Structures are given as structure tokens and as C-alpha cells.
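K.L.:
What follows is a single structure, and I will ask about it in a moment.
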Amino acid sequence: MTEGSAEARYEAIVDAIDAVLADAPRPVPLHAPLFDGNEAAYVNQCVATGWVSTAGAFVERFERELAAATGARFAVATCTGTAALHAALLLQGVGPGDEVIVPALTFVATANAVAHCGAVPHFADVESYSCGLDPDRLASHLHRIAERRGDALVNRATGRRVAAIVPVHCFGRMAPIDALVTIGDELGLPVIEDAAEALGSTFRQRHAGTFGRCGVLSFNGNKIVTAGGGGAILTDDAELAAAARHLTSTARLPHAWRIEHDRVAYNYRMPNLNAALATAQLERLPAFLAAKHALAGRYDEALRGIDGAELLGPQFDAVCNHWLNTIRLNDPADAEPLLAALHARGILARPAWTPMHRLPMFGDCPRDALTVTEALAKSLISLPSGANL
Ligand SMILES: *Cc1c(COP(=O)(O)O)cnc(C)c1O
């Protein structure tokens, strides 16, 4: 392929994306929050009443409405998604010296939360279409490297217990969650879904984060619904929900005046101010999902028939929230010039995350061969996807 034709190829991709965003003021951020509902009114209510911190009516209301929106029996709101993941892992018994299966293609928070437990992330490869953990590869990897010792599944090479599986629903796309839960059940490993990016995504009409032992959401500023900063643990298990509330507060024993605590806890609860913002945002979720679905349709139409790039499209039995519309390039060499050309036009697209095993703090962690992750990391580009577009 000549230099000129490569240039013509990514110019055509840039033009197609530019045309979709023709009406958007530049620069076009990757995912700007949209506050067109009751956000100011609810936040002002907190200020006016003095209920700004972790006690307050909006926290409970947000948890109730989040449970209703996701179909989970319980939602426990936290101060970040990372905190929710950390607490969820601790509550499944993950501790120092354990290994936890994490996809190598994810945002760093997934691996960080494992490290916060004193455990070690063990990186597994993903599928090229869903971008989630590959169940067949994971099963054969675990059968190859691990053995049962008593109740534990132990990595023969490291001698460490494999303690949990954390699938990630990347970009809002559903990981093959039923197959992953089956592997967890067969091997006796709890599945904790990192559904941080997947509020509004479903598989067979069941919401992301409700398949495993528990699931985790994030309400960071660039997520589909924001609390400013925030997260949540979803579960159907009443005892687990109560334990999550206890661990994410100060583990205080209920009493009118006596101040007594029964374990080391984390003070990870979501403040009322953030819950107020999030409650207003959640009311707008159906409208956000509709706007993002329409934008995905426009990207799909514009990119159809364009050489060299493919929009990651619909999945069987799944509904995607289109958190980040993402294209895959046929030629990874197009990625850098394409990103430069998009940024030159004020379109703030971005590549996939640097895979976890390429980061200095996780370079020595155990892992399977990560061929698909490596290929995807070089060829995925996420496009501006805010609900305001
Ligand atoms: C955003 C995100 C989180 C949590 O992030 P916080 O910023 O701590 O809320 C976790 N995992 C993934 C995959 C994410 O995208």
C-alpha cells in the first residue's frame, strides 16, 4: 500500500466522522455530561436544607431508583466506582495473596481495585467483537494453569489462590456474561461484574451487573449518568447489601448515642450532594439512551462502505447503551494519523486504554497470552458519544 492511499483512506474516515458531528461546537469532547433536568434544583435542595454529606434523603432515593432502573433488588451507592469495586471484592473474600481474573483490556480502575485488596490481577484475553473476557480462552487457561487444592483453585505457577473473576462490559458492550458466570459456577469462583460503563445495557433484557454475585457501576463525570463522582454495588442478596452498607460506611453499630464500630471500614459512601445530582441524571437516562442510540445510528450510516474502519455493531440478544461508540481499524498503522487528523478538526476521539500488562505497576502480573487484547489496543478508536450530540 502506498503512502498516498493510506492517507486517502483515513481522510475518508475522518470526513465521515466529521459529517456526523457537523452541528457540534468544536472541540467536541469524548463524553460531556448533560444537565438539562432537575440537577440544579436537587443540588440546591441539599444546600438549602444542610443535608450535603453521607446522611440524606437523596442517597436513599438514588439507591431505590437505581435498583428500579436496573432490576437489582439492592443498590448501595459509593463515592467512586473504584471504591465500589474494592468493597465488592473484599465482600467476596478477596484478600492479600489472592489472584483475581481481570481482562487486560479495561480502564485501570478494575486492576487497581484488585491491588487495593492486596491481591494480584491475573490478566486474561478478550473477544474481538464484544471486547469482553473470552470465556473459552479463560476456561482453557484456568484448566491449564490451575488445580484444586481443598476448596481453593490454585495457580500452580505462583501458588496463589484464584479468588474471583471480574468481567468488564467495555464501552457499554455486554461481555459474554452467561458463559462467564457458568465458568465461575463450575470453578467455584464468584463473578463480580465491572459494569461501570454499562448503565442501560442489557443481555436478554437483564441489566448489566445483575448476573454475577454482584455488579459495580460508576457515576464519574464521563459516564452515561454522573454524580460528579460516584459508584454503586448492585446485588439481589439482602445480606450482601447490608454488609456492603456496613463496610462502605464506618461499620458503626446501630445505637442512638453510643459510638461503636465492629470492623475496619472504608467511609466509601456517596455524599447527598452527589446523590442529588445523580438522582436528577437518572431521571434523564431513558432520554440519554435514546439520544446515544440515534447517534450510533448516524455513525453507522456514515461509516458504512468506508474502507478501513468498522463501527463495533450490535450484539445478539444484547442492548448496548452506546457509552462510547468505537471503531476498529483494519490497519493499526492508521490509528496515530487518524487520531491526529481528528484532533486537528477538534474531534477529541481517543484510542483504547493501554492494556493493563503494559503498565509499569502491573507488568509482572500473571497472564494468559493476550493476542486479541494487543491487537484491539492498537486498532480501536472511541468517538465522541455524549448524549448532547
Ligand atoms: C469508570 C470505570 C471504573 C470506575 O471508575 P471511577 O472513576 O472510580 O468511578 C471502573 N471500571 C471501568 C471499566 C470504568 O470505566
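Coordinate-derived values only; no laboratory data. Bear in mind the structure is a predicted one, so any value in this text is a computation, not a measurement. Counting neighbours? That spans all protein chains shown, and the Cβs are built from the backbone with ideal geometry, glycine included.
K.L.:
So if each residue of separation counts as 0.36 nm, and I subtract the Cα-Cα distance between Asp317 and Ser5, what length gain in nm does that give?
P.N.:
Answer, rounded to one decimal: 108.5 nm.
K.L.:
Among Phe171, Ala296, Leu253, whose Cα projects farthest towards the positive end of the dipole of the range 170-310, with charges put on the beta-carbon of Lys, Arg (+1) and Asp, Glu (-1)?
P.N.:
Farthest towards the positive end: Leu253.
K.L.:
Moving on. Using the crude model of +1 on Lys and Arg Cβ and -1 on Asp and Glu Cβ, and no other charge, please compute the dipole size for the chain relative to its Cα centre, in debye to 20.
P.N.:
Rounded to the nearest 20 debye, it is 1020 debye.
K.L.:
Could you state the number of Å between the C-alpha centres of the range 118-149 and the range 34-85?
P.N.:
So the separation of the two Cα centres works out to 35 Å.
K.L.:
Restricting attention to the range 299-381, which trypsin sites (Lys or Arg not before Pro) occupy a DSSP loop and are surrounded by at most 12 other Cβ atoms within 10 Å?
P.N.:
Working: sites: Arg304, Arg328, Arg345, Arg358, Arg367, Lys378; in loops: Arg304, Arg345.
Those satisfying the criteria are Arg304.
K.L.:
Quick check: Cα centre of the range 360-386 to Cα centre of the range 282-314, how many Å?
P.N.:
What the calculation gives is 23 Å, centre to centre.
K.L.:
Quick one: dipole size for the range 74-156, taken about the Cα centre, charges +1 on Lys/Arg Cβ and -1 on Asp/Glu Cβ, in debye to the nearest 20. Spell out each step's value before the answer.
P.N.:
Working: 5 positive and 8 negative charges, 33 e Å.
In total the dipole reaches around 160 debye.
K.L.:
For each of Asp300, Asp368, Asp151, Asp185, count neighbouring Cβ atoms within 10 Å of the residue's Cβ, then give the residues from fewest to most. Write out the running numbers ahead of the final one.
P.N.:
Details: Asp300 15, Asp368 21, Asp151 7, Asp185 11.
Ordered from fewest to most neighbouring Cβ atoms within 10 Å, Asp300, Asp368, Asp151, Asp185 come out as Asp151, Asp185, Asp300, Asp368.
K.L.:
While we're on this one: Hey, what do the phi angles of the range 66-80 turn into as Karplus ³J(HN,Hα) couplings, whole Hz, using 6.51/-1.76/1.60 and θ = phi - 60°, x for Gly and Pro?
P.N.:
5, 4, 5, 5, 9, x, 6, 5, 9, 10, 10, 7, 10, 7, 8
K.L.:
At 4 °C and 1.567 mPa s, what whole-number value in µm²/s does Stokes-Einstein give for the translational diffusion of the chain, with Rh from the Kirkwood sum over Cα pairs?
P.N.:
Details: Rh = 21.7 Å.
Reported coefficient: 60 µm²/s.
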